[in-house]
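Here is the structure we will look at, set down as structure tokens.
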Amino acid sequence: MRYYSTNNRNLRVSLKEAIIKGIADDKGLFMPEHIATLPASFYTNIENFSLQEMSFEVAKAFFGEDIEHDALKKIVYESLNFPIPLVQLDTNIHILELFHGPTLAFKDIGARFMARVLAYFTKDQNEEIIVLAATSGDTGSAVANGFLGVPGIKVGILYPKNKVSAIQEKQFTTLGKNITAFEVDGTFDDCQRMVKQAFTDDKLRQQVNLTSANSINLARLLPQAFYHFWGYAQLKDKTRNPILCVPSGNFGNITSALIAKRMGLPIQHFIAATNINDVVPQYLKTAVYEPRPSVQTIANAMDVGDPSNFARILDLYNTSHFAITKDISGATYSDKTISATIAEVYHRLGYLLDPHGAVAYTALKRALRGTNDQGYFIGTAHPAKFKESVEEIIGEEIVIPERLQSFLKGEKKNIEISTEYSAFRDILLNH
Ligand SMILES: *Cc1c(COP(=O)(O)O)cnc(C)c1O
């Protein structure tokens, strides 16, 4: 299959090129030329698959022409080697818990899949590939752990000094092997600028193979569709099509769900839930897309002022605001409502939401009020990843899962750099 650029549908490349490049030469995002509808037999059997079997069926629809089936099966089975339960909260509300992977966030799935696909496409290449990622927390840990020990690939994580939580920092600075953490004496925006500068540095790119591991990369985006099918499959009552609510930052997660709908997944309606960084909910309301600088909130993985995957949503709907709003509504909540929701759900149901899940829970609850509909939302991170804020909200200490504890024991190793690009560039050249 070929993949086109959202800036020019005639600019088409192979899957291998789309994944190694990450972004098109004209700075557009890659989209699949065809989105195949899954056969009726898939849907009649949907409750009989395991997570891995189901994901492999979906993976074949995307990648079956470009990756041999045996290799693809291995990639899928290795990437999804942890459970993704759907847990009922209220009678009509469920959470799809995507935080049982190595770093306890949904990004594990895309990162683990991308690492293996990239290794598959570069295995015969004797040149090393360098994956760069700027992070404010979760992306760094998922990417570093996903790519740990993958042959032929080195990873550089750039993070702002004193601006990520202690647990998050440990998750990407203690791994060693092919992972290098760069502690930048600046802000997240500085980290992102330095990474972007490296990608547009043609001279540098002639000497080192660079790729990016955020959700602009298709190999991270598309595998996220697997679990949207899996969430639906686990719903007991399939007589009414559910509403799916996704807590959104760069809008990769919800884009993969919209692609799943194109493949026939019977979702009635989508809710894009955000914190006060509500550029997309505003667009849905007004038809005007106005990016603006992000504001810090307690749901910090969604502090995004110009979501990178918005271009893909426009492309999927041929830029029709009418068509987009038929499928998607927006919802936006302040830190105050997020805190109140965490406390309310914890005391009423004994279930601890993380700040991102709390945004989605509230949005879904309001949408379902007074209807007979049901829905599920995406639990993107384990609450222990936001220990400080969550403990303050519920006024209790929480238990840190063993997997997070073990990161805390590791020894932090990093390279301290300034925000000056040329020094970072020299390190890349001498990798
Ligand atoms: C990355 C992230 C999000 C946002 O996901 P997008 O695909 O960027 O919309 C939401 N919650 C958590 C915990 C995240 O780490």
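Which residue, of E391, E396, is part of a helix (DSSP H, G or I), more than 23 Å from S248 (Cβ to Cβ) and of a type outside the set (G, A, S)? Lay out the reasoning, then the answer.
Numbers: E396 fails: part of a helix (DSSP H, G or I).
None of the other options fit; the residue is E391.
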>> What pairs come out if I take residues in the range 351-370 that are under 18 Å from L104 (Cα atoms) and open to solvent by less than 10 Å² (accessible area, probe 1.4 Å) and pair them with residues that are within 15 Å of the ligand (Cβ to nearest atom) and of a type in the set (K, R) whose C-beta lies under 7 Å away, six or more apart or interchain?
In response: D354/K385
> Residues A59, A24, A18: which one is farther than 19 Å from F199 by Cβ and of a type in the set (G, A, S)?
Replying inline: A59
> Could you count how many residues in the range 40-59 are open to solvent by 20 Å² or more (accessible area, probe 1.4 Å) and either hydroxyl-bearing (S, T, Y) or over 22 Å from the mean Cα position of the chain (by Cα) (or both)?
Replying inline: 9
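Hand me the list of strands (runs of 3 or more DSSP E) wholly inside the range 1-98 holding 1 or more residues that are more than 21 Å from N241 (Cβ to Cβ) and touching a Lys or Arg at 6+ places or on another chain (Cβ under 7 Å).
On the way: elements: 2-5, 8-14, 30-32, 86-90, 93-97.
Where strands (runs of 3 or more DSSP E) fall fully within the range 1-98 and carry at least 1 residues being more than 21 Å from N241 (Cβ to Cβ) and touching a Lys or Arg at 6+ places or on another chain (Cβ under 7 Å), they are 2-5, 8-14, 30-32.
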> Is it fair to say E396 is at pLDDT 95 or above and open to solvent by 60 Å² or more (accessible area, probe 1.4 Å)?
Replying inline: yes
> From the list K170, K163, K177, which residue is charged (D, E, K, R), more than 24 Å from I298 (Cα to Cα) and surrounded by fewer than 22 Cβ atoms within 10 Å (Cβ to Cβ)?
Replying inline: K177
> Taking the range 120-163 only, how many residues are within 16 Å of the ligand (Cβ to nearest atom) and either under 18 Å from the mean Cα position of the chain (by Cα) or assigned to a helix (DSSP H, G or I) (or both)?
Replying inline: 16
>> Of the conditions (1) aliphatic (A, V, I, L, M); (2) open to solvent by 40 Å² or more (accessible area, probe 1.4 Å); (3) closer than 22 Å to L15 by Cβ, I259 satisfies every one except a single condition; which number is it?
In response: (2)
>> Any residue at all in the range 319-340 that's more than 16 Å from the ligand (Cβ to nearest atom), aromatic (F, W, Y) and out of contact with any strand residue (DSSP E or B) (no Cβ under 7 Å at 6 or more places or on another chain)?
In response: yes
>> I'd like to check something: does the range 21-39 contain any residue that is free of Cβ contacts under 8 Å to residues at least 12 places away in the same chain and open to solvent by 10 Å² or more (accessible area, probe 1.4 Å)?
In response: yes
> Do any residues in the range 149-169 that are β-branched (V, I, T) have Cβ atoms under 6 Å from those of residues that are assigned to a helix (DSSP H, G or I) and open to solvent by 20 Å² or more (accessible area, probe 1.4 Å), where the two are at least six apart or on different chains, and which pairs are they?
Replying inline: V150/A119
>> Checking I93 against (1) in contact with a Gly (Cβ under 7 Å, 6 or more places away or on another chain); (2) crowded, with 24+ Cβ neighbours inside 10 Å; (3) among the β-branched types (V, I, T), only one condition comes out false. Which one?
In response: (2)
> Of all the residues that make up the range 407-422, how many are assigned to a loop (DSSP other than H, G, I, E, B) and open to solvent by 60 Å² or more (accessible area, probe 1.4 Å)?
Replying inline: 4
> Could you list, in sequence order, the residues of the range 148-160 that are more than 23 Å from E127 (Cα to Cα) and either open to solvent by 10 Å² or more (accessible area, probe 1.4 Å) or in contact with a Pro (Cβ under 6 Å, 6 or more places away or on another chain) (or both)?
Replying inline: none
> Residues in the range 230-248 that are assigned to a loop (DSSP other than H, G, I, E, B), more than 16 Å from the ligand (Cβ to nearest atom) and either modelled with pLDDT of 95 or more or not acidic (D, E) (or both): how many?
Replying inline: 7
> Residues of the range 180-194 being among the polar types (S, T, N, Q) and either surrounded by 19 or more Cβ atoms within 10 Å (Cβ to Cβ) or more than 18 Å from T211 (Cβ to Cβ) (or both), which ones?
Replying inline: T180, T187
>> Take the conditions of a type in the set (A, V, I, L, M), modelled with pLDDT under 95, open to solvent by 10 Å² or more (accessible area, probe 1.4 Å) and within 15 Å of the ligand (Cβ to nearest atom) and apply them to I276. Does it pass?
In response: no
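The values are calculated or read from the model by the stated rules, or taken from the named source; none is laboratory data. Just so it is clear, the structure is predicted and the values come from calculations on it, not from any experiment. Reconstructed Cβ throughout: ideal geometry from the backbone, glycine too, with neighbour counts over all protein chains shown. Quick note on the areas: whole protein, heavy atoms, side chains included, nothing else; ligands and nucleic acids left out. Shrake-Rupley method; radii C 1.70, N 1.55, O 1.52, S 1.80 Å.
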